[in-house]
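Note sheet for the following structure.
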Amino acid sequence: MAKAVLGIIGGSGIYDLPGLEAVEEVRVASPWGEPSDVLRRGRLGPTEIVFLPRHGRGHALSPSDINYRANIDVLKRVGVTDLVSLSAVGSFKGELSPGTFVLADQFIDKTYLRQPSFFGKGCVAHVAFSHPVAPLLQKRLAAALEAEAIPHAVGGTAVCMEGPAFSTLAESLFHKAQGWDLIGMTSMPEAKLAREAEIAYAFVGMVTDFDAWHEEVGPVDVAQVVHHLHANADKGRRLVARLARDFPAEHEPCPIHSDRALEHAVITAKEHRDPALVAKLDAVAGRVLAR
Ligand SMILES: CSC[C@H]1O[C@H](OP(=O)(O)O)[C@H](O)[C@@H]1O
Ligand SMILES: Nc1ncnc2[nH]cnc12
């Protein structure tokens, strides 16, 4: 049984985790390039935590500039087994108002400027992704939100746009009409890469605005988003502290096998694999490529 290591990716407004004990900064090299920042490794209560600010401290990286592959690769290298993505999102539902935390578990990927996979020419793999979120991790997050009395909803669909500009009114009305719940700019390909790296993943959408569709509120503007980002950040940190307090010491096997996603996924015959790509995949896929 693997020791549980809880990874936290902080989004807009969450660039550190105050309260992290015995913190060390770990600079991990990745064959996939530069991650967003150094990792901050420490403990919250009994649980080992690794924190990474997605946009870097000081928020220097736009959603399209983030090296998602390097981020997931370094988290894998330091042993992260379970990963929580904290993300500022817009809402398409009146009842999911700013301040609400939504544990979205389905995604629509509308990004087009990002590398969506660790795999490719010389080592092809297709992981199952019908259920992107690890149910046990989501359940623990729901319990922590409940315990902290943070307004929340469990389940939902988040569309990930390329950005960085927010949506037009027509796009916003279209997304709302689809019945989707949230919009952000970073869940993809982060969630896909976590699955390829066999890391159990869950998503916390922290609502900052009603995007552009709301007739009374009017279109999203950055001042509104930043105001709610600050209000949400403290709740996000409380959520993580509570999750960590009750987290198991050993990684709980994922009932949908997200932590074994590569078991049957690599399709390229051994003799046709590109040794250079296989070498880059040492952390992400070493478990199955070494066979
Ligand atoms: C500052 S609003 C737009 C920005 O915020 C979200 O970032 P993150 O998901 O990292 O919290 C959104 O995806 C955009 O990147
Ligand atoms: N309305 C919105 N659209 C895309 N990303 C967001 N992040 C926060 N609010 C957003």
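For this structure, a couple of remarks:
- Test: residue in the range 199-212 that is modelled with pLDDT of 95 or more, among the hydrophobic types (A, V, I, L, M, F, W, C) and touching a Cys at 6+ places or on another chain (Cβ under 9 Å): yes
- Positions within the range 13-22 being part of a loop (DSSP other than H, G, I, E, B) and either open to solvent by 30 Å² or more (accessible area, probe 1.4 Å) or more than 15 Å from ligand 1 (Cβ to nearest atom) (or both), in sequence order: Y15, D16, P18, G19, L20
- Count of the range 83-110 residues which are open to solvent by less than 10 Å² (accessible area, probe 1.4 Å), among the aliphatic types (A, V, I, L, M) and not in a loop (DSSP other than H, G, I, E, B): 6
- None of L137, L113, L61 is more than 16 Å from ligand 2 (Cβ to nearest atom) and either in contact with a His (Cβ under 8 Å, 6 or more places away or on another chain) or outside any strand (DSSP E or B) (or both) except L137.
- Within the range 210-236, the set of residues being in a loop (DSSP other than H, G, I, E, B) and either in contact (Cβ under 8 Å) with a residue 60 or more places away in the chain or within 11 Å of ligand 2 (Cβ to nearest atom) (or both) comprises F210, D211, A212, W213, H214, P219, V220, D221.
Yes/no per residue for (1) under 20 Å from I108 (Cβ atoms); (2) of a type in the set (A, V, I, L, M); (3) open to solvent by 30 Å² or more (accessible area, probe 1.4 Å):
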{"position": "L137", "(1), (2), (3)": "no, yes, no"}
{"position": "P151", "(1), (2), (3)": "no, no, yes"}
{"position": "T208", "(1), (2), (3)": "yes, no, no"}
{"position": "E215", "(1), (2), (3)": "no, no, yes"}
{"position": "V225", "(1), (2), (3)": "no, yes, no"}
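- Inter-residue pairs, beta-carbon under 9 Å, first farther than 25 Å from L239 by Cβ and in the range 149-172, second exposed (fewer than 15 other Cβ atoms within 10 Å of the Cβ) and among the aromatic types (F, W, Y), 6+ apart: E162/Y112; S167/F174
- Residue satisfying all of: in the range 67-82; in contact (Cβ under 8 Å) with a residue 60 or more places away in the chain and within 19 Å of F119 (Cβ to Cβ); surrounded by the fewest Cβ atoms within 10 Å (Cβ to Cβ) among these: R77
- Any hit, the range 134-148, residues being in contact with a Lys or Arg (Cβ under 6 Å, 6 or more places away or on another chain) and among the hydrophobic types (A, V, I, L, M, F, W, C): yes
- Among the residues of the range 166-177, those identified as assigned to a loop (DSSP other than H, G, I, E, B) and open to solvent by 70 Å² or more (accessible area, probe 1.4 Å) are F166, T168.
- Test: residue in the range 178-195 that is within 9 Å of ligand 2 (Cβ to nearest atom), of a type in the set (A, V, I, L, M) and in a strand (DSSP E or B): yes
- Identity of the residue in the range 196-209, among the small types (G, A, S) and away from ligand 2 (no atom under 11 Å from the Cβ), that ends up farthest from P248 (Cα to Cα): A197
The values are calculated or read from the model by the stated rules, or taken from the named source; none is laboratory data. In this text, all values refer to a predicted model and were calculated from it rather than measured experimentally. All Cβ positions, glycine included, derive from the backbone under ideal geometry; neighbour counts span all protein chains shown. To get the accessible areas, we keep the full protein, side chains included, count just its heavy atoms, and leave off ligands, DNA and RNA. Shrake-Rupley method; radii C 1.70, N 1.55, O 1.52, S 1.80 Å.
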